[in-house]
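J.: Have a look at the structure that comes next, please.
Read-outs: derived from the displayed coordinates by stated rules, not from any lab. Quick caveat, the model's predicted, so the values are computed rather than measured. Backbone-built Cβ (ideal geometry, glycine too); neighbour counts: all protein chains shown.
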Amino acid sequence: MFELENLSVGYKGRPVMEGVSLTFRPGEITTIIGKNGTGKSTLLKTACSLLKPLAGSVRLEGKAQQDHTRRQWAQKVAFLAQSHADSNCTVHSLVTHGRYPHLGFSRSMGEGDLRLVEDALATMGIGELRDTSLLQISGGERQKAYLAMALAQDTPYLCLDEPATYLDLAVHKEILRLLGALKAQGKCIIAVMHDVGAALEVSDHICLLGNGGVLSYARPEALVRGGLMEEAFGVACTQVSTREGERYLFT
Amino acid sequence: MTFSCAKGASSPMSRRPCCPSQDKQVSLVPLGSRVPFVFLSLLFLLTLLGAGCARQESQPARVGRTTPFQFSDDLQRRVLLTKRAERVVALSSSFAQTWLLAGGVLIGVTSDAFSREALGIGEEVALIGTIKDPNSEAILALEPDFVLLSADIPSHLALSALLTECSIPHAYFHVETLDDYLAMLSRLTTLTGEEELFKKNGLDVHQSCTEVLAGHTKGESQSEGETYLLLRAYSTKVRAKGGDTMVGEMLRQFGYTNLTELHPSLLEELGIETILKEDPTHIFVIPMGDERSAKASMEHMLTSNPAFKALGAVKDGRYHLLPKDLFHYKPNNRWEESYAYLAHLLSQ
Amino acid sequence: MPILRTCSANKGAHKALVPLVCCSLGLLIFLSLTIGATPIGAKGLLAILLGEDTRSLSYRIVRHVRLPRTLAAMLCGMAMALSGAILQKVLHNPLAGPSLIGVNSGAGLFTLLGAAFFPHLVALGPTVAFVGAMLSSLLVYTLARRSGSTRLTIILAGVAVSSLLGSCTDALLTLRPDTQMGRLDFLIGSFAHIPFSQVVQGAPYIVGSALLALVLGHDLTILSLGDEVALSLGLDVGRTRFFALMLASLLSASSVSMCGLVGFVGLVIPHMVRSLIGEDSSLYLFHTAAAGAVLTLGCDLVARNLFRPYELPVGIVLSFIGSPFFLLLLFRQKNKGGSHV
């Protein structure tokens, strides 16, 4: 269980959000949505211990964040950033870096580590790109590579900041399906998404942010019925039943 | 030895690794530090081996035919020579000349000694580098038993450790004034045993200089309180020099005051206003590098610059370019000529 | 067409390079010890190294002139190259070099202070330079820390401190013009006149730091992925960066205090090695160190023998030999369509 208790997040002492209390459970996908500037990424990064909380606490399986060493935390929580610095390494190399938190002092990879790397590459479908430099592949392929790295990290908790950005429609769908598969494996997934439709489609819970706090934390259908979507985004949301399941239209 | 993974060998659902040989790549010690560790250990061994060579160096045998001679050099180091110095290397042209004047023989000198024809250094003398950058290997190859070095040049000071390790007696000298020259000549002539050369190239020179000084100051009673400006002209710039230099010391003996003693700031920047205010009686210029271009640089500055043109010294032609071999290089046995030259200029 | 590099085949190829590198280094060491104004044959060299010959002229030359020089050139070349490689990785900046963290200006200022106030204590020179270099880089790091300790602030602090110390040096030069010669000696680095005792004094710092750097190699690679990614992978970014900077400082301070400023090596050797084998390799740091040693020793060999008994400044030879080679690599890169540098 991933718990945020009365968390205040922000930069340099100025809070962007206050009093956030949320719980994320294994085997569930929670998506954080909200208008630009509401602090979605800030909240996610603070939860993942990349930023210091201004107040409140973060607990993972009962243990406070401060009681974990960086390494221990990284073995439990993986984070996919929204954008990445230019890095000139091969795709395969990048994905192997995902095993870093699990490596011992000698920093050498065992058979199990290598197998996980291969699985991650296969899952993301970028096996053929393994020897290509990151600088020479498209933005979408790069995103897949970083996602593969997060997968290789093999953590029970995955925090993804805009995982489907840059990706074309087919791959977008693929990612959403992948999230479903990961959830079925028992992982807890927390994602920040811009695409509200996709978020509503795939999530078990939606966390709607606004006004310096959590506006709503509910199941997608409940959120749509509640009418807060119109308030938060200024667009009307209609639920549509299709062959594949519930979909949402915005007008 | 490169191979690339075949395209299409893996599908998203395939669980077989692409590169089979990867499975074998398990190592307990990281690749990144095992091989270089060996390399660095070899490096260390090499260093230790070299250090080992040091431990086996034996003491030089004592040759005790003549009385060992001990003296203090200008860095207050005790220099001990256990035998006659027959293979001598001098690391500057001035010292080379002083050694020759003391009756010694040279086996190695720096390049500036060869360019000064007056020294008469023959071809049998080895070239061991430049005065600023002497070549330690060339020095060692000559197997000298005495080396003369300058106390003012950093690369000479750095050689001390090497010469000491090789048990080669060496002495540092600092010669600016006539007295410094006499002190050096005295020690060198004791070393060569040619005492009468000290009289000829030392004491007699000193006597002549004293006479020149006496002759000048007797006649010129108004030199009290007179000032002069001493400049060093490079091809690109001109700098003021202080009274502690060789020329400065000589002029002090003539009773003149260096302008920089009244205004030390002139050493950093040639303050025209200060110079105009003080209006020095004489201006002396020492050329550095090529004498011709230094002279041109001096002429350009003094005669084309309206501020300088206004100086009394310039208007009356009391600015003088001093010849290098009497005023830049140490005059050694020609000190009398230097004094006489100055006396002549000052009486204008 | 993208440059294809394989995963394990990479490592295999780079491993195969290692004996080649070691052999060339061995050959250069041999040449450096035997070539000179007094030629020494292989047999003579063997006798000296084994301790059989301890009296002859050849022994003195090898022991007191060529051996310290060879070791100094190798150690300094290795140190400068590693320092540059670490800095380029940590600061994620291809133009980063030891001069960026204030080491060179600190060493220069303190060398000049020593020359101005204690001109006869030559033996103290290297220690003084080393202290100056380390103090200066600590200052840079402290200033950077105060303002956030990001890559940019470190670079800015480095530029500011270098500039400040450079001005202090210039001021000192103006007030004490007699130190000009010492300054020139420092600015134009050389491996001449380095006594063996000084080499032995500096060697542990260089070798020790190099070993630590090699162990730290993997962490540095993680760091170069970006602060956020590195943090999320469990790396203590602040501590790793500090440690890496201190190592880089130690390496370049030891080198600069031994031989003065030898430019080129720290900036360009990492690029050369990167063009040849890529930054990704686990042996990248090792090959950088080895390339630094090989190139510097080779150039020193040329510098002191080409116009015997006159010596060329080794920095000039490094630039003359290294720059065309570097340009060649650059053009080869461009033709292959890759953008690695």
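J.: Within 10 Å of each Cβ in C:68-76, how many Cβ atoms from other chains are there, averaged over the peptide?
T.: 2
J.: Same structure again: Give me the distance in nm between label points sitting 7 Å out from Cα along the Cα-to-Cβ direction at A:E111 and A:E230, one decimal.
T.: Once both label points are built, they end up 6.2 nm from each other.
J.: Now, a different point. Please get the size of the charge dipole for segment B:221-346, origin at its Cα centre, with Cβ charges of +1 on Lys and Arg and -1 on Asp and Glu, quoted in debye to the nearest 20.
T.: 360
J.: Check cross-link reach from B:K237 to the lysines: straight Cα distance under 19 Å, and skip same-chain residues fewer than eight apart.
T.: The reachable lysines, counting only those whose Cα sits under 19 Å from B:K237, are B:K295, B:K309, B:K324.
J.: In whole Å, what three semi-axes, largest first, describe the equivalent ellipsoid of segment B:221-346 built from its Cα gyration tensor (square root of 5 times each eigenvalue)?
T.: Listed largest to smallest, the semi-axes of segment B:221-346 are 20, 18, 13 Å.
J.: For segment C:98-246, what is the Kirkwood hydrodynamic radius in Å, using each pair of distinct C-alpha atoms?
T.: Here the Kirkwood hydrodynamic radius works out to 17.0 Å.
J.: Compute the FRET efficiency between C:K43 and B:K83 as 1/(1 + (r/R0)^6), taking r as their Cβ-Cβ distance and R0 = 35 Å, and round to the nearest 0.05.
T.: 0.65
J.: A follow-up question, please. Mind checking which of C:F30, C:F110, C:F130 has the largest fluctuation in a GNM of chain C, springs on alpha carbons under 10 Å?
T.: It is C:F30.
J.: Hey, another quick one. Please check which bits of segment A:167-200 a label hung off A:S241 would reach, taking the label as a point 7 Å along Cα-to-C-beta and the cut-off as backbone N under 12 Å.
T.: It comes to no residues whatsoever.
J.: Per q in 0.17, 0.20, 0.22, 0.31 Å⁻¹, report the Debye log10 I(q)/I(0) for segment C:171-210, using one uniform scatterer on each alpha carbon and no solvent.
T.: Ignoring solvent entirely, the Cα scatterers give -0.65, -0.74, -0.78, -0.97.
J.: Determine the calculated [θ] at 222 nm for chain C from helices alone, applying -39500 (n - 2.57) to every DSSP H run no shorter than 4 residues and normalising by the residue count; nearest 500 deg cm²/dmol.
T.: Taken over chain C, the calculation gives -24500 deg cm²/dmol.
J.: Further question on the same structure: Between B:R252 and B:T303, what's the calculated FRET efficiency when r is the beta-carbon distance and R0 is 25 Å? Round to 0.05.
T.: Result of the calculation: an efficiency of 0.35.
J.: Let me ask another. Just from its helices, what would the mean residue ellipticity at 222 nm be for chain A, if runs of 4 or more DSSP H residues each count -39500 (n - 2.57) and the sum is divided by every residue, rounded to the nearest 500 deg cm²/dmol?
T.: -10000 deg cm²/dmol, from helical runs alone.
J.: What are the equivalent ellipsoid semi-axes of the protein assembly as shown, built from the alpha-carbon gyration tensor (square roots of five times its eigenvalues), in whole angstrom, biggest first?
T.: Semi-axes (√(5λ), whole Å): 73, 34, 21.
J.: May I ask you to evaluate 6.51 cos²θ - 1.76 cosθ + 1.60, the Karplus curve with θ = phi - 60°, for each residue of segment A:13-27 and list the ³J(HN,Hα) values in order in whole Hz, giving x for glycine and proline?
T.: Along segment A:13-27, the couplings run x, 9, x, 8, 9, 9, x, 8, 10, 9, 10, 10, 10, x, x Hz.
J.: Just how far, in whole angstrom, is segment C:230-285 from segment C:117-142 if you go by their alpha carbon centroids?
T.: First find each Cα centre; the distance between them is then 21 Å.
J.: Find, among the chymotrypsin sites (Phe, Trp or Tyr not before Pro) in segment A:129-213, those assigned to loop by DSSP (not H, G, I, E, B) with at most 11 other beta-carbon atoms within 10 angstrom.
T.: none
J.: Students often forget the sequence filter, so: which lysines lie under 23 Å Cα-Cα from B:K200 once same-chain residues fewer than 8 apart are removed?
T.: Output for B:K200: B:K330.
J.: Which whole number in µm²/s is D for segment A:166-220 by Stokes-Einstein, with the Kirkwood Rh taken over Cα pairs at 10 °C and 1.306 mPa s?
T.: 129
J.: Roughly how crowded by other chains is peptide C:191-203, in terms of the mean Cβ count from those chains within 10 Å of each of its Cβ atoms?
T.: Taking all residues of C:191-203 together, the mean is 5.
J.: Students often get this wrong, so check it: of A:K45/A:K187; A:K63/A:K144; A:K76/A:K173, which have C-alpha atoms separated by over 21 Å?
T.: Over 21 Å Cα-Cα: A:K63/A:K144; A:K76/A:K173.
J.: Could you give P(r) for segment A:76-141, binned at 10 Å from zero, as whole percent values over all Cα-Cα pairs?
T.: 18, 51, 29, 1
J.: Using only the alpha-carbon atoms, what does segment A:1-135 span along each of its principal axes? Please give whole angstrom values in decreasing order.
T.: 45, 32, 30
J.: What percent of all Cα-Cα pairs in segment A:2-250 falls in each 10 Å bin, counting up from 0?
T.: 7, 30, 35, 22, 5, 0
J.: Also, quick follow-up: In straight Cα distance, which aspartates and glutamates are under 15 Å from C:K43, not counting same-chain residues fewer than 8 positions off?
T.: C:E52, C:D53
J.: With a length cut of 20 Å (Cα positions projected on each helix's long axis) and a Kyte-Doolittle mean of at least -1.0, go through chain C and give me the DSSP H helices that pass.
T.: C:8-34, C:67-90, C:103-117, C:125-146, C:151-175, C:196-223, C:237-259, C:284-305, C:314-336
J.: Among the trypsin sites (Lys or Arg not before Pro) within segment C:166-245, which fall in a DSSP loop and have no more than 16 other Cβ atoms within 10 Å of their own Cβ?
T.: Loop-located and lightly packed - none at all.
J.: Sticking with this one: Modelled label-to-label distance, B:H263 and C:L121, 7 Å Cα→beta-carbon offset: nm?
T.: 3.7
J.: Would you mind checking which residues have amide H under 5 Å from B:T257's amide H? H placed 1.01 Å from N; only 5 or more apart, or other chain.
T.: B:E226, B:T227, B:Y228
J.: Whole percent per 5 Å bin, from 0 to the bin with the longest distance: what is P(r) over all C-alpha pairs of segment C:203-341?
T.: Bin by bin from 0 Å, the calculated values are 2, 9, 15, 18, 18, 16, 11, 6, 2, 1, 0, 0.
J.: At q = 0.11 Å⁻¹, what base-10 log of I(q)/I(0) does the Debye formula yield for segment A:125-251 when every alpha carbon is treated as an equal point scatterer in vacuo?
T.: Debye curve over Cα of segment A:125-251, log10 I(q)/I(0) at q = 0.11 Å⁻¹: -0.45.
J.: Can you give me the distance in nm between label points at B:H344 and B:D204, each placed 7 Å from the Cα along the Cα-to-Cβ direction?
T.: My value for the distance between the label points is 2.1 nm.
J.: What is the log10 of I(q)/I(0) for chain C, computed with the Debye formula using one identical point scatterer on each Cα and no solvent, at q = 0.06, 0.07 Å⁻¹?
T.: -0.22, -0.30
J.: Along each of its three principal axes, how wide is the spread of alpha-carbon positions in segment B:69-200, in whole angstrom units, largest first?
T.: Reported extents, whole Å, longest axis first: 36, 33, 27.
J.: Calculate the FRET efficiency for B:E273 and C:D170 from the Cβ-Cβ distance with a Förster distance of 25 Å, rounded to the nearest 0.05.
T.: 0.55
J.: Placing unit charges on C-beta atoms (Lys and Arg positive, Asp and Glu negative, everything else neutral), compute the dipole magnitude of the protein assembly as shown about its Cα centre in debye, rounded to 20.
T.: 2780
J.: For segment A:22-89, what percent of Cα pairs sit more than 17 Å apart?
T.: That fraction is 52 percent.
J.: How many partner chain Cβ atoms sit within 10 Å of a residue's Cβ in peptide B:227-233, on average, as a whole number?
T.: Mean shielding count: 0.
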